[in-house]
1. List pairs: first in segment B:295-315 and within 21 Å of B:Gly123 (Cα to Cα), second assigned to a loop (DSSP other than H, G, I, E, B) and of a type in the set (D, E, K, R), Cβ under 7 Å, 6+ apart or cross-chain?
2. Looking only at residues in segment B:164-178 that are within 19 Å of B:Pro224 (Cα to Cα) and open to solvent by 10 Å² or more (accessible area, probe 1.4 Å), which one is farthest from the chain's Cα centre (by Cα)?
3. Going by what's in this entry, would B:Val87 be described as open to solvent by 20 Å² or more (accessible area, probe 1.4 Å), among the hydrophobic types (A, V, I, L, M, F, W, C) and away from chain A (no Cβ under 14 Å)?
4. Restricting to segment A:187-239, count the residues that are more than 21 Å from A:Phe124 (Cα to Cα) and touching a Lys or Arg at 6+ places or on another chain (Cβ under 9 Å).
5. Suppose we keep only residues that are buried (at least 16 other Cβ atoms within 10 Å of the Cβ) and either away from chain B (no Cβ under 12 Å) or among the aliphatic types (A, V, I, L, M) (or both) within segment A:80-90. Which one would you say is nearest to A:Ala176 (Cα to Cα)?
Amino acid sequence: MLGRTLQEVSAALKQGQITPTELCQKCLSLIKKTKFLNAYITVSEEVALKQAEESEKRYKNGQSLGDLDGIPVAVKDNFSTSGIETTCASNMLKGYIPPYNATVVQKLLDQGALLMGKTNLDEFAMGSGSTDGIFGPVKNPWSYSKQYREKRKQNPHSKNEDSDWLITGGSSGGSAAAVSAFTCYAALGSDTGGSTRNPAAHCGLVGFKPSYGLVSRHGLIPLVNSMDVPGILTRCVDDAAIVLGALAGPDPKDSTTVHDPINKPFMLPSLADVSKLCIGIPKEYLIPELSSEVRSLWSKAADLFKSEGAKVLEVSLPHTSYSIVCYHVLCTSEVASNMARFDGLQYGHRCDINVSTEAMYAATRREGFNDVVRGRILSGNFFLLKENYENYFVKAQKVRRLIANDFVNAFNSGVDVLLTPTTLSEAVPYLEFIKEDNRTRSAQDDIFTQAVNMAGLPAVSIPVALSNQGLPIGLQFIGRAFCDQQLLTVAKWFEKQVQFPVIQLQELMDDCSAVLENEKSASVSLKQ
Amino acid sequence: MAAPMLRWVGRGRRWTFARVDGGSCHRREAPTGSTSNRIRGRSSVAQQPLYTTQKPRKGEHKWAAVVGLEIHAQISSNSKLFSGSQVRFSAPPNSLVSFFDASLPGTLPVLNRRCVEAAVMTGLALNCHINKKSLFDRKHYFYADLPAGYQITQQRLPIAVNGSLTYGVCAGKKQSQVIPKTVRIKQIQLEQDSGKSLHDDLRSQTLIDLNRAGVGLLEVVLEPDLSCGEEAATAVRELQLILQALGTSQANMADYEIQRQINELENGGEILNETRSFHYQLGCTMSMRDKEGKQDYRFMPEPNLPPLVLYDATSLPAGADPQQVINIDQIRETLPELPSVTRERLVQQYGMLLEHSFTLLNEVGLLEFFQNVMKETRAEPKKVTSWVLNTFLGYLKQQNLAVSESPVTPSALAELLDMLDSRTISSAAAKQVFEELWKREGKTPGQIVSEKQLELMEDRGALEQLCHSMMEAHPQVVMDLKKGNPRAINKLIGLVRKATQSRADPAMIKEILEKKLSS
C-alpha cells in the first residue's frame, strides 16, 4: 500500500481497503524507521493522527472530501503551519510557531489531507543540495536502493557504503526524500530556481513548478518573491495534477495570483497521439558540463517524440548564458530585502546582547543566519546600493525580460513544450558535493531550471531512466504560462512511454520493516 | 463613495536655507549642504544657485528660508494600507496588529481600495496628473518600529504628480488684502506609517507599539517654492483645509521650525539630516530619529504588489467589475466643494469681503456655524458676518474655545440677530444679550430681553416725557446748547439712553430733543 501512487491509495481508501488511520500509522512508522534520511525536521504525529481520525469518520459517513481525503502529505519547512514549528532550517526561526497556515497548507487540510510533518531543506531554501540547513543534510533514499547498491557491488573501487550516501538535491530535498521513501504520497516543495525540480530529478520523482500566479504564495516564507512558487513532488504526473487541482486558484491574500486563468479540475487526458505536438529543444542547453548520460537520454527522449509523430524542433533561447548571473543578482537582492525582517524583535532568535538596538540586530543576525544566507544578504545589499542599482539590479531586470522574451519567441514559433535536462548529472555523494561551496553548486545545479522561474513559466521534471550507477535521471518539460494542464498532459504521455522503474527499497524496508511484515499485499513495486 | 477622512500627521518636511548676503542676491545652501530634512529622505530638490563660503559668523547675515515641505497626512480609513487591521486611535498598545503588520514571515501586502481612492481624490483636488499606472517600492532601514525592515512606498512612480496648490497670503496695512500664491506639488504618494517606539529611560528599554504600523499615509511633496514661514504655514493651512473638505486634519509646525533652524545656524550649529515631529503640548518640534549622515535606503520594487492600474471613462474595460477597478472620472464627480470654491461662493452669495471668507474657513466649524445662522435669520448677511467674525469669534478667542465648544448656538444667535433686525432691541442691548447667552444659563434671547426689559422703547410719549425731565434736570447743558455748542446734545442723548437702560433708539432721542430745543 505504501508504494502505491496517491491516485491508487485514494481509490483504496474509497473502497475501504485501508482506513486513513491505518494508512497514517504505516506512514508514521516508516518515518520513524527512515529517520536516518533526515527528511523531516518536525513529525506532526498527533496532528496527523487526529486528522486521520476525522477523515475516517468522513469516509464512514460517506462524506469524503475528495481525492486527497486521508492522504498523508508532507510540507517543506518553509511553509507557515499554524501551531507547528516552522524553522526554514535556520537558527533564526528555531522554535518559531506560526499562528497561521499558508494558503496551500490550508487548502490541503481543507481537502482532508493528513499533515505528516515538515521537511528538511537548505537554510531558507538557499542551496541545491539540502545539505546546508541547521538540522544537517538529507540523505537520498536511492543511496539505499537495490538498484544503486547492486551497481556499486560491481564497482571494485566503491568505498564504504555508509559514508558514501548521496545528496537529494535541493533545496526541497526533505520533501523529495519523504515521497521517495514512501513516507507520504505527495509533498510540497518550493521552487525559486529549481528547488523542486532538482531534488525530484535526483530522487526519481515528478517535480512540478506551476506557473507563477497560479498557486498562492501566502505563507511561503519567501526566498525571491518574484520567482517563488509552491512546488509539488509526487510519484507520478497524475498525482501532481490532483494536488495542483487542490492548490491552484486566486487567493485574496496574494495579490500576484491570477484570476481564473485555467479551468479546473486538472484532470489529465491520456494522449493517444502526439502527432500534433511540437517539441522544442533549446540548443543553448547543450553545454559541455552536461554529463554524457543525461545528454544521451535527452536525445533519446527527443527521438521518442519524433518516432511517435511529434514535430521536434531545435529552438534558440539566445540569452540563456546570461541567465544564471542575472538570477544571482535578482535573487540576492530580494533576499537582502526579505531577510531584513529578521531582527530578533517580533519573533525568532534574539541574542543576549542588549547594549544597543544596533548591537542586538548585528549579533542576532550573525547568530541566526548561516554563511550562505549572510553572504547572499551582503551581495544583495551591494547590488541595491544607490551607486550600484542601475549597473546591477536594473540591468539584471532587463536581462530577465530578455530571457522571458526568449521563451515567448520560442512558443510563438509554434513550439508547444520545451524539452531540456533538469540537472547536469545524477545525484552525487555528499562527500563529493561538499567539495564545492554552496554558491558554486547552486550556479551549476540551477543552470537548466532558474530561467523558467525568471519567466514565470510552468515546468516539470519527469524521471526518465536510471544511470549506469543505478541512479535516477530526470528531464524537464517547460510549458507556456498558464498552460500547466497541457504541460502535464504531455509529461503524462512521456511518463507512460519511459516506464521509469520504481525505487526498490527492499533492503531499507527489511532493515526496518515491521510495518511491511503484515503487508500481505505489499505492492508489486516493492517486490520487484 | 464617502469622502475619505484625512488626519494630519505633522512631520517630515524639507527646508533649504538661503542666506541673503548684504542685499545681494547670492544665496547659499545651509552649511551642511543639506537641503532636506526628509523623514525618509531622497536626494535634494533645491533649485537655488550655490554660493559656498565659509561658515557664517553670528549675526553677520540674514537668513532667508526656501522651504519645501513633505507633508504626511494619515489617511483615515477603516483598515490599514496593506492589511485588514483596524485603524483606531488610543486603542490599547499592539491591539490592532495583523500578522502582516508584525511582518510575520510569509505574509503579503494587499492594497486597501479606500486608501487608493483617498489618494486619487487628493490628487484631483490638488490639480495633479493622476498616473494610470503607479508602482510600489521598498525603502529599507532598520528601526525597531519598522518590523519588516522596509517601508512600502511609491518612490519611482507615485500615484499623482505635477499638481499645484493656490493659497492666499494676507498683505496691506491691516492685513486685509489677500494675495494669491501658488506652490507646485511634485507628487503625492501612498506609503505605510511605522509603529511607535516608546523609550523608557528609567529602565533603559524601548517599547514598541505597532498599532500605527502599516496605517496608510499620503505623502504630499511640495516643491521649494515657499519663501518664508508664513507662506509655508498658509500653504499648509490651505492644504489642510482641502484635506478637511475630504476629511479632517490639523497641525502647524512651520514657523517654529524655521526659527529653530535660524537660531541653530546663527549659533554655529549644523542642521542635521533628521526628522522632527511637532509636539502639540510643548509647542515645539522634537527630533524623531537620528538621521545624521547619508542613508542609503536601497530602494527596490515591491515584488508582491503588481502595478496599481487606475482607469478613466475612456480606458475602463467593458464589463469590468466596479468592485475590482477604480474609475478616476467617477471619483472626480464625487469631489466635494473645495475651499477656494467655497470662498468664491461666499463672496458671490453674501457680498462678503474675500478676507472674511478666509477667516470663516480658517476656523474649524466656523463656516458651518455661519451657514446655520444664515439659515435661521432674516438679518442681512453683512450683519451676520460681522457678528460671527467680530463678536462671536472674539469671545471664542478670548476664552480659547473651539467653535464646537461655544455656549451660543447658531439658533440663539439667529434669534438675537432677528430681534436686532426688527429693531426690537438696540445693538447695545444685543451685545448685552449675547453676553448673557455666553453664560450658558439656558435662556433664549427672547427670555433674556423680556427679563431684563431690554426692548427698545416704542412709546414716544414716554420718551418725550423722559427727554423733557432730563432737560429740566440739566439746565446747564441746555444753556450750552442754546449758546451754540451742538455737541452738547450728545450728553443729553447719553443721559436719556442711560435712563432707559439703552432701550431707546438714540436716533429717536436725538429727534425729540432737537424738536424740544428748537421749540
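1. Every condition considered, the pairs that remain are B:Val309/B:Lys132; B:Leu310/B:Lys132; B:Ser315/B:Lys132.
2. Among residues in segment B:164-178 that are within 19 Å of B:Pro224 (Cα to Cα) and open to solvent by 10 Å² or more (accessible area, probe 1.4 Å), the one farthest from the chain's Cα centre (by Cα) is B:Ser164.
3. The answer is yes for B:Val87.
4. Here the count works out to 8.
5. So the residue we want is A:Ala89.
Let's see how each residue does on (1) of a type outside the set (S, T, N, Q); (2) part of a helix (DSSP H, G or I); (3) open to solvent by 50 Å² or more (accessible area, probe 1.4 Å):
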site	(1), (2), (3)
A:Asn391	no, yes, yes
A:Ala396	yes, yes, no
A:Val399	yes, yes, no
A:Leu402	yes, yes, yes
A:Asn405	no, yes, yes
A:Val408	yes, yes, yes
A:Thr420	no, no, no
A:Leu424	yes, no, no
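The rows are residues; the columns are (1) over 22 Å from A:Val138 (Cα atoms); (2) surrounded by 16 or more Cβ atoms within 10 Å (Cβ to Cβ).
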| residue | (1), (2) |
| --- | --- |
| A:Thr19 | yes, yes |
| A:Leu28 | no, yes |
| A:Ile41 | no, yes |
| A:Lys50 | yes, no |
| A:Lys57 | yes, no |
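So that you can scan it fast, the table gives a plain yes or no per residue for (1) within 14 Å of the chain's Cα centre (by Cα); (2) aliphatic (A, V, I, L, M); (3) open to solvent by less than 10 Å² (accessible area, probe 1.4 Å):
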site	(1), (2), (3)
A:Gly95	no, no, no
A:Ala102	no, yes, yes
A:Val105	no, yes, yes
A:Gln111	no, no, no
A:Thr119	yes, no, yes
A:Met126	yes, yes, yes
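The values are calculated or read from the model by the stated rules, or taken from the named source; none is laboratory data. All values reported here derive from a predicted model rather than from experimental measurement. Positions of Cβ are backbone-derived with ideal geometry, glycine not excepted, and every protein chain shown enters the neighbour counts. Ligands, DNA and RNA are stripped out before the accessible areas are found, and what is left, the full protein with its side chains, is counted by its heavy atoms. Shrake-Rupley method; radii C 1.70, N 1.55, O 1.52, S 1.80 Å.
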